[in-house]
Structures are given as structure tokens and as C-alpha cells.
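To start, the structure itself, in C-alpha cells.
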Amino acid sequence: MALYLQWLYADEFLGEPLDSTLATARAKDAEYRAEAGPPGDYDPTKFALRNVYVSPALMWDALRRKVGDRAFWDVVSAWPRTADGTGTRAELFAFIEKRTGRELSSFFDAWIMGTKTPHA
């Protein structure tokens, strides 16, 4: 999420178009996944490579576009207030599904466990 927020900031305040940033990241994502594995099933000997940052940032953007700005920002602002903002990946995904009223398991599986970059 931190990288995605950085991209949004750069778009809004630094004049770095989000669409360009996303296109560059998508172009590199397959390489990152091939090098270190999916972000949710990464090679622990290669932890902290770009796949654990870039792929989820792309996922957050895809989620925002899928559920809409209002639902996305509602989830983003509400999650830290639940369980002190901590939880497992499964708890976060269940929270997002409940809060948006959408079944998103295949979306999350593709983005987090997939070996290829999902279509946005």
C-alpha cells in the first residue's frame, strides 16, 4: 500500500502521471515475479525484491478500479481501525470483501499468488 500511495502522491503533487507509472510497473512485474516468485509466495532467500512491493501496488490500483473510489477509500480508511490495523492476509481480504459486498477471492489469488501479472 505504501508504494501505491507514493504513486498517487507523485501523480497528484509531482506531475508524474499515474497511468505512466502503472504502465512501467506492469511491464516489469512479470520479470519480478519470474525472479522471485509471486508476492504472496516469494522465495524467502530473495525477500524484499521488487515483487513484494510492485505487484501489490498494482493490485491496490486494480482493486480501486474494480470496486470504485468510494468503496476503495472506505476500506483503506476503515482497516487500520479494526483489530489495531493488524491481521493476516486472509483477514484483510475477508474485511475488504465484507466492506465492499464483493466476492474477490479469485482477484486476490491472481494478484498475490499468480505467477503472471493479471489483466487490470
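For region 24-30, 3J(HN,Hα) computed residue by residue from phi via the Karplus equation (6.51, -1.76, 1.60; θ = phi - 60°) reads 5, 5, 4, 5, 8, 4, 4 Hz, glycine and proline entered as x. How fast does region 1-115 diffuse by Stokes-Einstein, in µm²/s, taking the Kirkwood radius from C-alpha pairs at 37 °C and 0.692 mPa s? Value of D from the Cα-based Kirkwood radius: 221 µm²/s. First compute the accessible area of the chain with a 1.4 Å probe, then give the percent of it belonging to carbon and sulfur atoms. Carbon-and-sulfur percentage of accessible area, whole number: 54. Measuring nothing but how far apart in sequence close Cα pairs (under 8 Å, 6+ apart) lie, relative to its length, region 27-115 scores a relative contact order of 35 percent.
The figure for GLU31 is an accessible area of roughly 90 square angstrom, using a 1.4 Å probe on the protein chains alone. Report the residues of region 103-120 in range of a label on GLU35: point 7 Å along Cα→C-beta, backbone N strictly under 19 Å from it. Taking a point 7 Å out along Cα→Cβ of GLU35, the residues of region 103-120 whose backbone N falls under 19 Å are 112-118.
Note on region 22-63 and region 91-119: Cα centroid distance 15 Å, given to the nearest whole angstrom.
When each of the peptides 9-15, 55-61, 73-79 is scored by how many other beta carbons lie within 10 Å of its residues on average, the order from highest to lowest is 55-61, 73-79, 9-15. Based on Cα contacts under 8 Å between residues 6+ apart, region 11-58 shows a relative contact order of 33 percent. Modelled label positions at ALA10 and GLU91, each set 7 Å beyond Cα in the direction of Cβ, lie 3.2 nm from each other. Sequence-ordered 3J(HN,Hα) estimates for region 98-110 from the Karplus curve with 6.51, -1.76 and 1.60 and θ = phi - 60° stand at 5, 5, 8, x, 10, 8, 10, 4, 5, 4, 5, 4, 5 Hz, glycine and proline given as x.
The values are calculated or read from the model by the stated rules, or taken from the named source; none is laboratory data. Treat the numbers as computed from the prediction; the structure is a model and nothing was measured. Note: ideal-geometry Cβ built from the backbone for every residue, glycine included; neighbour counts use all protein chains shown. Accessible surface areas use protein heavy atoms only, side chains included; no ligands, DNA or RNA. Shrake-Rupley method; radii C 1.70, N 1.55, O 1.52, S 1.80 Å.
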